[in-house]
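First comes the structure, then the notes that go with it.
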Amino acid sequence: MNVYDVLEERGFIEQVSDGEAVQRMLSRPSTCYIGFDPTSDSFHIGSLVPIMALTHMQRHGHKVIVLIGGGTAMIGDPSGRTELRKLMTMKRIEANAEGLKRQLEHFIDFEDDMAVMLNNADWLMPLNFIEFLRDIGRHFSVNRMLAAESYRQRMESGLSFIEFNYMLLQSYDFLHLYRDKGCTLQMGGNDQWGNILAGADLIRRAEGGEAEALTFPLLITSTGTKMGKSEKGAVWLDPDRTTPYDYYQYWINTDDRDVGRFLSLFTLLPMDEVRRLSALEGAELREAKETLAYEATRLNHGGEEAEKARNAARALFSGGMGGDSSIPTMEMKRDRFRGGISAFELFADTGLAKSKGEARRLIKQGGAYLNGERVESFEDLVTLEHMDEKGTILLRAGKKKYIRIIAVD
RNA sequence: GGGGAGGUUCCCGAGUGGUCAAAGGGAACAGACUGUAAAUCUGUCGGCGAAGCCUUCGGAGGUUCGAAUCCUCCCCUCCCCA
């Protein structure tokens, strides 16, 4: 089966320059690329669609290039944004690229050049302005650029000249990779459509070559929010920023309507299985969500972490104490409990409530639990008595947020 | 460079000397209902707290018994003209 069909079946394709041409191209080993911003040293879930797309490409024998936009990050892409991005230092960018690569290695194999990571700063930085204008700039029509959706939006609020040039630089990336690596397909989020097409055009004009564009749908959840945000903020792939437990929780809280879509996009389960799971209804759909959460966590954090997250979740949400250590745990001095500590202070200190006022409110509204029992008054004292033999206390805020406290000397 | 409009609590957005911790909406949080879903209803939504106190309306000063609201300077954004 051609990857193109796989991508299409699994819902990765929003737009393609020429479906038949891409299908033809992918019937033999090809090279494709996706650009990523090195604005952080970790991806978050929002980047998972392109990452999964690369995973599929590689598994079908295509060479993938991960392009780090070190050069373009120094300019800022206006696409889909309302503000100019902040500029970054080269050093910062390189450090970030390292972090991103480590995460990609869970999905993509960089051995034997089957995948490479490149930084466009390598060819953008040495560019000579006059030469660039003469060789590249001449192929671009300002009229056409202004018609692009991404620029049109920014025309309302103001568009700086450097941002305006982003399209040229990204097009030049594609041209460079075409010449240097034989790359003939660029993929990206649908907000990149204009830029990607411009690059394919440039290749045709400058080289007479054939190159294609493919974009992914920009995911919004069925509740209308942007993908990848939880109450704690963005959901990161980095376990230090988002623990495997929280990562798992994010997926299991998926809206019913998104389960099928997410299973096909974010797991590698066969489509037959995906269809079976998403056909489940009512409470049974939880099985599908559990599979989604488990598989997605396994891809990013490995089987062992996924297993732990699943066990912890099962234990906690079936009403038990969840002795497993993979639920968020926090150490506190045993001494603090000797004289007793007010419940509201404890909730504030653990971060389950952002301030003491919020902790009071939480308790007053009946949303605070200590070892599974509702806390009645915010002045209630929590003491050594509340600990189990291992010296732990389980706190819960609302329905889903748990923290386990373990006493240390 | 000239002219105009504007910067309010997470976001949008009222408020033009005291009744303002600041309307309304959204987001978010909690409760009820549920399936760790959605929808709905109720409540909460600056900090510390018993009352009450403290900090906030781009920044810095000033006027006043009293300022988000008036004055001065500065910073930033947008629009029109060049």
* Check the range A:361-374 and report whether any residue there is without any contact (Cβ under 8 Å) to a residue 24 or more places away in the chain, open to solvent by less than 30 Å² (accessible area, probe 1.4 Å) and more than 30 Å from the chain's Cα centre (by Cα). => yes
* Asked: Looking at the range A:399-409, which of its residues are open to solvent by 30 Å² or more (accessible area, probe 1.4 Å) and more than 16 Å from RNA strand B (Cβ to nearest atom)?
  -> A:406, A:408, A:409
* **Residues located in the range A:358-398, provided they are part of a loop (DSSP other than H, G, I, E, B), of a type in the set (Val, Ile, Thr) and more than 15 Å from RNA strand B (Cβ to nearest atom)** => A:383
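Of A:304, A:345, which residue is out of contact with any helix residue (DSSP H, G or I) (no Cβ under 6 Å at 6 or more places or on another chain), closer than 22 Å to residue A:406 by Cβ and near RNA strand B (Cβ under 8 Å from one of its atoms)?
Step by step, each of A:304, A:345 is checked, and only A:345 is out of contact with any helix residue (DSSP H, G or I) (no Cβ under 6 Å at 6 or more places or on another chain), closer than 22 Å to residue A:406 by Cβ and near RNA strand B (Cβ under 8 Å from one of its atoms).
Among A:275, A:286, which is the only one that is within 12 Å of RNA strand B (Cβ to nearest atom) and open to solvent by 30 Å² or more (accessible area, probe 1.4 Å)?
A:286
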* Looking for whichever is touching a Phe, Trp or Tyr at 6+ places or on another chain (Cβ under 7 Å) and not assigned by TED's automatic domain parsing to the domain that holds residue A:12 here; the options are A:279, A:306, A:283. Which one fits? => A:306
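For the condition in contact with a Gly (Cβ under 7 Å, 6 or more places away or on another chain) and of a type in the set (Val, Ile, Thr), what is the one hit in A:341, A:393, A:363, A:406? Write out each step before concluding.
Values: A:341 fails: in contact with a Gly (Cβ under 7 Å, 6 or more places away or on another chain); A:393 fails: in contact with a Gly (Cβ under 7 Å, 6 or more places away or on another chain); A:363 fails: in contact with a Gly (Cβ under 7 Å, 6 or more places away or on another chain).
Going through A:341, A:393, A:363, A:406 in turn, the sole match is A:406.
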* Of (1) within 15 Å of RNA strand B (Cβ to nearest atom); (2) closer than 27 Å to residue A:305 by Cα; (3) among the hydroxyl-bearing types (Ser, Thr, Tyr); (4) in contact with a strand residue (DSSP E or B) (Cβ under 7 Å, 6 or more places away or on another chain), residue A:326 satisfies all except one. Which? -> (4)
* Structure fact -> If we take the range A:125-195, then helices (runs of 4 or more DSSP H) inside it with 2 or more residues that are more than 16 Å from RNA strand B (Cβ to nearest atom) and at pLDDT 85 or above are A:129-135, A:166-181
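The values are calculated or read from the model by the stated rules, or taken from the named source; none is laboratory data. As the structure is a prediction and not an experimental result, all values here were calculated from the model. Cβ sites come from the backbone with ideal geometry, for glycine too, and all protein chains shown count toward neighbours. Calculation scope for accessible area: heavy atoms of the full protein, side chains included, ligands and nucleic acids excluded. Shrake-Rupley method; radii C 1.70, N 1.55, O 1.52, S 1.80 Å.
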